[in-house]
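Below is one structure; the comments refer to it alone.
Nothing in this text is a laboratory measurement; each read-out follows from the coordinates by a stated rule. Note that the coordinates shown come from a computational prediction; the quantities given were computed from them, not determined experimentally. In this analysis, Cβ positions are derived from the backbone assuming ideal geometry, glycine residues included, and neighbour counts consider all displayed protein chains.
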Amino acid sequence: MADRTATVERNTLETQIRVSINVDGRGDRQLAIGVPFLEHMLDQVARHGLIDLTIQATGDLHIDAHHTVEDVGIVLGQALSRAIGDKTGIRRFGHAYVPLDEALSRVVLDLSGRPGLEYNVDYPRARIGRFDVDLLREFFQGLVNHAAMTLHIDNLCGRNAHHIAETVFKAFGRALRMACEPDPRLAGITPSTKGLL
């Protein structure tokens, strides 16, 4: 299988973002986003997804974190799409259940070529530290739209907002790792009856 890496830059009047990804990595990461909680969550994705991830971002954080969080999702989605290419020989589907103390989340995804997000997560409070939890949905929406994946995220239980968010991101990393894995029985084959994803 070819080298599955990509680097994408996106510069707007609101944000300047550069993402480099290696789908076949070891979980190495360098995250300089300016939003510490998002960095902590993406650390989980890299570590549990065994994805090498470098993200450098600057944005209009003097307003709030919305544009930066959403745009990091967009550029990560673009980089992921470019890195996995035509999806020949991969498992395509991935799923994971991840607990953290009282919290439990399930993530199921399909590298389908069709963007779709079902996000069923209710947080017991609006902020984790200074981070607005509404932005987590915006992050995943941006990622889904530009990675062209179908993504179902369900928090099954939990009382601590930080624990809930962390189970979501860990489960996403594990599910993504599964979906991107080469399947030796699919060598040279696109995992779709259409013959195209």
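Here is how the numbers come out for the structure above:
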| quantity | calculated |
| --- | --- |
| Dipole of the chain, positive end: most advanced residue of Ile74, Pro182, Gly34 [Cβ charges, Cα centre] | Pro182 |
| Residue-by-residue Karplus 3J(HN,Hα) for region 31-48, coefficients 6.51, -1.76, 1.60, Hz, glycine and proline x | 10, 10, 10, x, 10, x, 5, 5, 4, 4, 5, 6, 4, 5, 4, 4, 5, 8 |
| Net +/- balance of residues flanking Glu138 in space, Cβ distance below 12 Å, scoring K and R +1, D and E -1 | -4 |
| About the Cα centre, charge dipole magnitude for region 42-197 (Lys/Arg +1, Asp/Glu -1 at Cβ), debye | 560 |
| log10 of Debye I(q)/I(0), alpha-carbon scatterers only, for region 1-121 at 0.14, 0.21 Å⁻¹ | -0.66, -1.37 |
| DSSP beta bridges in region 34-113 [antiparallel fraction, %, rounded to 5] | 100 |
| Bins of 5 Å, starting at 0 and running to the largest distance - Cα pair percent for region 1-64 | 5, 17, 25, 23, 15, 9, 4, 1, 0 |
| At 1.002 mPa s and 20 °C, Stokes diffusion of region 57-197 via Kirkwood alpha-carbon radius, µm² per second | 136 |
| Dimensionless Rg/Rh of region 147-191 - Kirkwood Rh, Rg from C-alpha atoms | 1.14 |
